1. Do we have residue 183 as of a type outside the set (Gly, Ala, Ser), buried (at least 20 other Cβ atoms within 10 Å of the Cβ) and in a loop (DSSP other than H, G, I, E, B) here?
2. Could you run through segment 216-251 and say how many residues are within 13 Å of residue 263 (Cα to Cα) and modelled with pLDDT of 90 or more?
3. Evaluate the following for residue 240: is it without any contact (Cβ under 8 Å) to a residue 12 or more places away in the chain and open to solvent by 40 Å² or more (accessible area, probe 1.4 Å)?
4. Report whether or not residue 317 is of a type in the set (D, E, K, R) and under 24 Å from residue 237 (Cβ atoms).
5. Taking segment 193-212 on its own, how many of its residues are in a loop (DSSP other than H, G, I, E, B) and surrounded by fewer than 17 Cβ atoms within 10 Å (Cβ to Cβ)?
6. For a quick check of your reading: which strands (runs of 3 or more DSSP E) sit entirely within segment 77-139 and have at least 1 residues that are β-branched (Val, Ile, Thr)?
7. Test each condition in (1) of a type outside the set (S, T, N, Q); (2) touching a residue at least 60 places away in the same chain (Cβ under 8 Å); (3) in a loop (DSSP other than H, G, I, E, B) for residue 327 and report the one that comes out false.
8. Is it the case that some residue within segment 311-322 is buried (at least 23 other Cβ atoms within 10 Å of the Cβ), over 25 Å from residue 242 (Cβ atoms) and at pLDDT 95 or above?
Amino acid sequence: MMTPHRLRFVAAVALLPLALAACKGQETAPAPEAPAVEPPAASASAVEPAAQDGAHPPSVTREFRDWTATCDNTNHCVAFGSAEENMGFVMVSLAPGPDARPVVHMGGWGLQDGQGDVYAEIDGRRYAGKNSKMDEEGDVIAFRTPSAELLRDLGNGSFMALRRGDEKMKVSLGGAAAAFLWIDERQGRLDTTTALIRRGEKPASSVPAAPAAPRVTLAAAVPQNGLPQDDLSPALLAHPKVKECLAATRIGERFEPNVEVARLASDKLLWSVPCGEGAYNFIQVYFITPADGTAPRLIDFPTAMGRHDELVNSRYDPKTRTLFAFGKGRGIGDCGRMGVWAWTGERFALLEEKEMPSCTAIPQDLWPSTWRAVT
């Protein structure tokens, strides 16, 4: 795989605060359209809003006591609660549409000393799913076709624990019923046979169809040979944002972060400029220039709920024409926000975004989606 050519320029690094909704973030208010923030004129041609009209529902995250629920722009929804000391979790996922059925995952750390498989106990009733290892100390159990009894107990139960032998981890069900009800309402399932919590006699066919995901067209791949061999161009060094990054990352009289450059088209270059770092988060800003490095345009990347000109732990892959970023809420990476943007030939369009606001040992492949598109 061809990677961006690395450049070096004189600079050093210091911590810039990272605004991540981690370790139980606040409720995210719904937006009328997602997102509706107008980009600065200097970067208007390099970005696009996540949604250009009201065709897609907004991505929304709500908190209900000890549970959190998220639905993305295609109405894929997830509700989850945490175990004691945030060492474990219970998660219910439900895709949109009349044919979708819920999937339940549970697990966490702290039960490794027990004997046998991990199982759930709710008000004295035992529920066993398919066990798998999350890592050396963690386990996940999956219920691909959960019973109506399990869903009822998750919504209406009084006491829940994850168990393995003599080991036990309590899980709060406070707020689960409200989270399920909110998802039922969002997906149009109230009083239908497919509702999570408020089931009725209406047939599954009365549930609205899933909204179509927005479509993104990738630009053609271009050769990466013959990239600039020198430091940042004078135009980039003179840009106010680059000056801000240099000032924020100064250590003594030296600057030593890496700069990366890739070719987007025969006449366009993409520059990644370091703009601060912490223990496990490294911040970058991105610019598009002509092939000669003049007239830099700062990229303001669209997200599900707004726009950002700083990304965290990010890298552009010219082979796939996608840019990935992952801002960690803590070092082990069980919370934070990750996103993927695709280069269309004119702008970076949001392709995928996931966010886990609570640091509760949930594996990254189970994180709630806040935006999804198709190519």
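The values are calculated or read from the model by the stated rules, or taken from the named source; none is laboratory data. Because the structure is a prediction, the values reported are computed rather than measured. Neighbour counts are summed over all protein chains in view; Cβ atoms, including those assigned to glycine, are modelled from backbone coordinates with ideal geometry. Keep in mind that these areas ignore ligands, DNA and RNA; they rest on the heavy atoms of the full protein, side chains included. Shrake-Rupley method; radii C 1.70, N 1.55, O 1.52, S 1.80 Å.
1. On the way: of a type outside the set (Gly, Ala, Ser): yes; buried (at least 20 other Cβ atoms within 10 Å of the Cβ): yes; in a loop (DSSP other than H, G, I, E, B): no.
Here the answer is no, as residue 183 does not meet what is asked.
2. Looking only at that region, the number is 9.
3. Values: without any contact (Cβ under 8 Å) to a residue 12 or more places away in the chain: yes; open to solvent by 40 Å² or more (accessible area, probe 1.4 Å): yes.
It is true that residue 240 is without any contact (Cβ under 8 Å) to a residue 12 or more places away in the chain and open to solvent by 40 Å² or more (accessible area, probe 1.4 Å).
4. On the way: of a type in the set (D, E, K, R): yes; under 24 Å from residue 237 (Cβ atoms): no.
No: the conditions fail for residue 317.
5. Step one: filter segment 193-212 for residues in a loop (DSSP other than H, G, I, E, B), giving 193-201, 203, 207-212.
Subset that is surrounded by fewer than 17 Cβ atoms within 10 Å (Cβ to Cβ): 193, 198, 200-201, 203, 208-212.
Matching residues across segment 193-212 total 10.
6. Details: elements: 77-82, 88-94, 103-109, 119-122, 125-127, 130-133.
Result: 77-82, 88-94, 103-109, 119-122.
7. It fails just one condition, (3).
8. Within segment 311-322, none of the residues are buried (at least 23 other Cβ atoms within 10 Å of the Cβ), over 25 Å from residue 242 (Cβ atoms) and at pLDDT 95 or above.
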